Amino acid sequence: MRTRITRTFLALALATPMISIVGPNVPRAIATPGCELGNGIEHVVDIVFDNVHFFRDNPNVPSDLELMPHLLDFIQDNGVMMSNNHTDLIAHTAQDSLSIYTGLYGDRHGMPISNSYRTWNPDGTVNPGTNPLVGAGSFVYWTDPNNDGGHDPRHAMIYSDSVPASATTTDVATPAPWVPWTRAGCDVGDVSTANMVLENAAFDIPKVFGPNSPETAQLNAGTPPFFNQEVADYVGLAVHCAQGSAFCADAQAVKYGEVEPSPTAVTDSLPDEPGGYSGYQALFGHKYIAPQLGAGTPNVTHNGYQVTNAAGNLVDLSGNQIDGAFLPPGTPGFPGFAPIVARQTLAYAADMLEAGVHVVYGYIGDIHERKAGQSGCSTSTAVATGWALGPGDNCYVQTAAQYDQAFQTFFARLAAAGITKDNTLFVIGAEENDAFDGANIGRAIEPSPAGCDGVTTPCQYTAGQIGEINTNLPGLLAAQKGNTTPFTVEPQGAVIYVTGRPGATDPEVRQLERDIGSLTDPHDPYTGNDDEPIAAYLAGSVEQEILHLVNADPDRTPTFTLFPKPDYFFGSTTACTPANQAPCASNAGSAARFAWNHGYYAPTIDITWVGFVGPGVATLGLDGPEADDGPAVHDPNGGGTVPEFSTNGTWVDLPDIRPTLLWLAGLQDSYVDDGRVLSEILTDPNDAIAGSDYVGLAECYKQLNAGVGEFATDTLIADTNALKSGGGDGDGLFKSTQTRLRKLLAQRDALATQIKNGLFEAAFENTALAGPGSQLARCQALRERAGELATGD
């Protein structure tokens with residue numbers, strides 16, 4: 001989720017829809033005809049949830065999607081629900097969303113460590129970025145430099161056309177995901193979507209609108225550090241227009257300090273885009289997009305569905321005015337990244353589609369926290385907006401019901417406008433699958449009353465029964481091991497930056513890895529275990545490359561990465577002594593505010609879902625395990641590997657979504673995606689991807705290259721054992737393992753590149769695979785060698 005850091009970073013051929021309007025006749029902003037897509041697709045809806053689950057977190061409580069039957073049934077009755085989908089590492093909102101949007105792993109799209117990261121200074125320290133607690137922010141506009149206070153001017157989304165990502169790579173931004181659409185004549189709307197909208201008012205407004213613009217004048221007159229009005233006006237929403245689109249060309253509004261309307265579109269600047277990108281415009285922010293959707297005119301309706309209220313302001317699907325985040329009630333504007341809920345995102349999306357925007361991306365916040373203004377439910381632990389809810393809590397169930405109602409209204413409203421599964425491609429999924437830290441069935445403590453299902457009997461959690469185990473990693477290390485080596489921990493992972501920037505074989509680094517790998521929690525309240533090992537896995541410098549965690553900016557590469565057990569988070573600074581270590585790893589106090597952990601290697605986190613519905617998509621129902629057959633049900637305390645829980649259904653990972661989406665639309669990227677087209681779900685795949693050769697090679701490729709596939713899992717196990725080893729017995733295992741990992745990495749990158757190039761050409765150029773049998777044999781052999789390394793052979 002974006003909750004922990006968003007406020008800090010904010011500081012720094014068209015088919016005209018059927019529209020009926022009650023009240024004055026309102027001129028509609030209609031995009032220029034010419035959006036030509038494949039398979040009879042006229043519209044595209046791409047929705048990404050934050051941390052909304054297909055699988056049950058408590059075996060007695062229906063899962064998030066089971067509590068949203070209108071959405072779940074829409075997908076399963078009309079297309080395919082793929083429940084064997086996988087995140088990248090590090091599994092978190094920024095990294096995973098960008099992998100969905102680009103079809104690339106983090107080493108190539110530039111944001112593998114998220115939602116925040118550190119950058120090295122020349123003196124071997126890491127700079128604090130925009131926030132000393134979390135470093136630089138991964139939520140930036142697409143072409144922005146690192147959000148680290150100006151220390152490292154390279155692009156935040158630094159692109160690598162090949163692997164391994166190298167410091168010699170030209171410093172350019174990753175190609176933008178809206179470009180294939182706009183080049184095809186389609187306008188692209190974005191609702192709260194990571195990095196395709198303006199994210200940081202203080203930096204983005206002068207850059208995008210110009211230093212002498214009215215928008216910058218408003219910013220300068222605004223209230224730092226959060227600039228709440230400017231966020232509400234310009235952040236969080238965008239429409240990237242096709243050339244000549246009236247949606248942008250005709251847009252006008254009265255700007256700050258002016259009295260007459262003037263054009264509001266700005267140049268959509270992508271100076272690094274392959275093939276060039278000129279003559280395109282974009283609109284940014286609620287203030288400038290809302291008038292194109294009907295705002296400014298009272299009581300606008302489309303086919304009986306309310307768009308604006310009596311004041312002429314946009315409303316959500318429940319008829320509530322959409323107000324700006326952190327502003328007085330009744331002030332219209334963008335509702336905020338973390339707070340945005342289904343009825344708001346889906347209202348914007350419907351408004352855009354009905355106004356002629358052909359392609360709409362939307363992001364929706366999760367249901368695992370108490371929402372603003374929530375009433376009629378009670379919980380003893382979630383005492384304020386944004387605080388965590390456990391499965392089956394009545395506030396949790398209430399929010400799920402509201403989301404379900406929003407989707408029911410959304411699908412009905414679109415159908416009334418002629419936007420249906422017969423002419424519209426729907427891609428809906430979740431970017432991550434956070435693990436619940438709290439009382440649960442099969443754990444040492446369980447919610448009450450016994451057998452609660454959240455529907456007929458709400459589940460109740462009390463103090464100490466919900467919340468991550470917030471841990472002071474340096475303090476615990478000093479108390480248990482006497483190790484005071486200075487380092488910085490970025491807890492979204494958690495990645496370690498050792499002060500002085502020593503190399504991987506430095507004795508200080510090696511001892512730190514051994515000591516962190518053997519840390520224990522005096523008592524884990526959820527497993528009931530004393531002296532619970534905290535570290536599940538460790539990844540050194542070579543393994544970080546295998547996991548796609550190293551991008552083309554060398555000043556962002558961590559020393560090593562710790563993947564803890566899912567209950568732990570390293571944000572505590574509570575004092576710690578050898579005599580009293582318990583406060584250093586505690587679920588008390590503010591830890592109860594957060595109870596859904598992400599970023600780690602764990603089946604409960606790294607297995608998620610995606611649904612496809614629309615022209616060209618086969619009606620297959622469920623592809624993968626049932627909702628009551630997920631990792632949390634079978635392994636409530638964690639400990640298994642991702643491949644162990646991924647044997648049922650088509651293996652998918654997030655980068656596969658992009659090429660499949662574009663293939664269905666008859667488009668392609670300017671680069672070779674890391675994902676592959678999911679030919680198994682297509683009604684009419686082309687000849688080159690229709691056979692078993694393509695599917696067999698694609699399946700092996702994913703296990704070889706995916707961040708949580710078999711190859712990555714086995715090498716991570718081997719590296720964990722190696723990093724924990726050594727000391728008085730020497731460092732032979734570490735050295736030999738690193739040598740073998742380097743060889744495997746080089747072979748993996750070379751073969752994976754060869755395979756994905758062939759898969760791309762087969763899908764988008766209908767070129768027959770060259771030597772698929774040989775490539776498959778080599779792929780399987782590499783997987784076997786990684787497995788041998790994991791078992792010590």
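The values are calculated or read from the model by the stated rules, or taken from the named source; none is laboratory data. Quick caveat, the model's predicted, so the values are computed rather than measured. All Cβ positions, even for glycine, are placed from backbone atoms using ideal geometry, and neighbour counts span all protein chains on display. The accessibility values were calculated without ligands, DNA or RNA, using every heavy atom of the protein model including side chains. Shrake-Rupley method; radii C 1.70, N 1.55, O 1.52, S 1.80 Å.
Quick check on Phe426: is it of a type in the set (A, V, I, L, M, F, W, C) and in contact with a helix residue (DSSP H, G or I) (Cβ under 7 Å, 6 or more places away or on another chain)? No, not satisfied.
Each row is one residue, and each column tells you yes or no for (1) at positive phi; (2) modelled with pLDDT under 95; (3) β-branched (Val, Ile, Thr); (4) open to solvent by less than 10 Å² (accessible area, probe 1.4 Å).
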| residue | (1), (2), (3), (4) |
| --- | --- |
| Thr345 | no, no, yes, yes |
| Ala349 | no, no, no, yes |
| Leu353 | no, no, no, yes |
| Val357 | no, no, yes, yes |
| Tyr361 | no, no, no, yes |
| Ala372 | no, yes, no, no |
| Thr381 | no, yes, yes, no |
| Asp404 | no, no, no, no |
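Set side by side, the residues Gln292, Gln281 differ, and just one is open to solvent by 50 Å² or more (accessible area, probe 1.4 Å) and either among the hydroxyl-bearing types (Ser, Thr, Tyr) or touching a strand residue (DSSP E or B) at 6+ places or on another chain (Cβ under 8 Å) (or both), which is Gln281.
For Asp669, state whether it is open to solvent by less than 40 Å² (accessible area, probe 1.4 Å) and either at pLDDT 95 or above or assigned to a loop (DSSP other than H, G, I, E, B) (or both). Full working, then the answer.
On the way: open to solvent by less than 40 Å² (accessible area, probe 1.4 Å): yes; either at pLDDT 95 or above or assigned to a loop (DSSP other than H, G, I, E, B) (or both): yes.
Taking the combined requirement at face value, the residue satisfies it.
Residue check, Arg658 against (1) buried (at least 23 other Cβ atoms within 10 Å of the Cβ); (2) in contact with a strand residue (DSSP E or B) (Cβ under 8 Å, 6 or more places away or on another chain), all met but one. Which one? With (1) buried (at least 23 other Cβ atoms within 10 Å of the Cβ); (2) in contact with a strand residue (DSSP E or B) (Cβ under 8 Å, 6 or more places away or on another chain) applied to Arg658, the lone miss is (2).
Note on region 543-555: among residues that are open to solvent by less than 10 Å² (accessible area, probe 1.4 Å) and not in a loop (DSSP other than H, G, I, E, B), the one that is farthest from Pro491 (Cα to Cα) is Ile546.
If only residues of region 631-655 that are more than 22 Å from the chain's Cα centre (by Cα) and assigned to a helix (DSSP H, G or I) are counted, the one that is surrounded by the fewest Cβ atoms within 10 Å (Cβ to Cβ) is Glu644. In the set (1) open to solvent by less than 10 Å² (accessible area, probe 1.4 Å); (2) modelled with pLDDT under 95; (3) among the basic types (Lys, Arg), Arg118 fails one condition alone, (1). Residue count for region 295-320 under the criterion of being outside any loop (DSSP other than H, G, I, E, B) and either buried (at least 17 other Cβ atoms within 10 Å of the Cβ) or in contact with a Cys (Cβ under 7 Å, 6 or more places away or on another chain) (or both): the result is 6.
For Tyr396, the conditions (1) surrounded by fewer than 20 Cβ atoms within 10 Å (Cβ to Cβ); (2) in a helix (DSSP H, G or I); (3) among the hydroxyl-bearing types (Ser, Thr, Tyr) all hold with the exception of (1).
Determine which member of the set Asp73, Asp46 is among the acidic types (Asp, Glu), surrounded by fewer than 24 Cβ atoms within 10 Å (Cβ to Cβ) and farther than 16 Å from Ala435 by Cα.
On the way: Asp46 fails: surrounded by fewer than 24 Cβ atoms within 10 Å (Cβ to Cβ).
After applying the criteria, what remains is Asp73.
Under the condition of being open to solvent by 70 Å² or more (accessible area, probe 1.4 Å) and assigned to a strand (DSSP E or B), the residues counted in region 238-260 number 1.
Considering the conditions (1) among the polar types (S, T, N, Q); (2) outside any helix (DSSP H, G or I); (3) surrounded by fewer than 24 Cβ atoms within 10 Å (Cβ to Cβ), Gln511 is excluded by exactly one of them, (2). Within region 143-159, being surrounded by fewer than 24 Cβ atoms within 10 Å (Cβ to Cβ), modelled with pLDDT of 90 or more and part of a loop (DSSP other than H, G, I, E, B) holds for Thr143, Asp144, Asp152, Pro153, Arg154, Tyr159.
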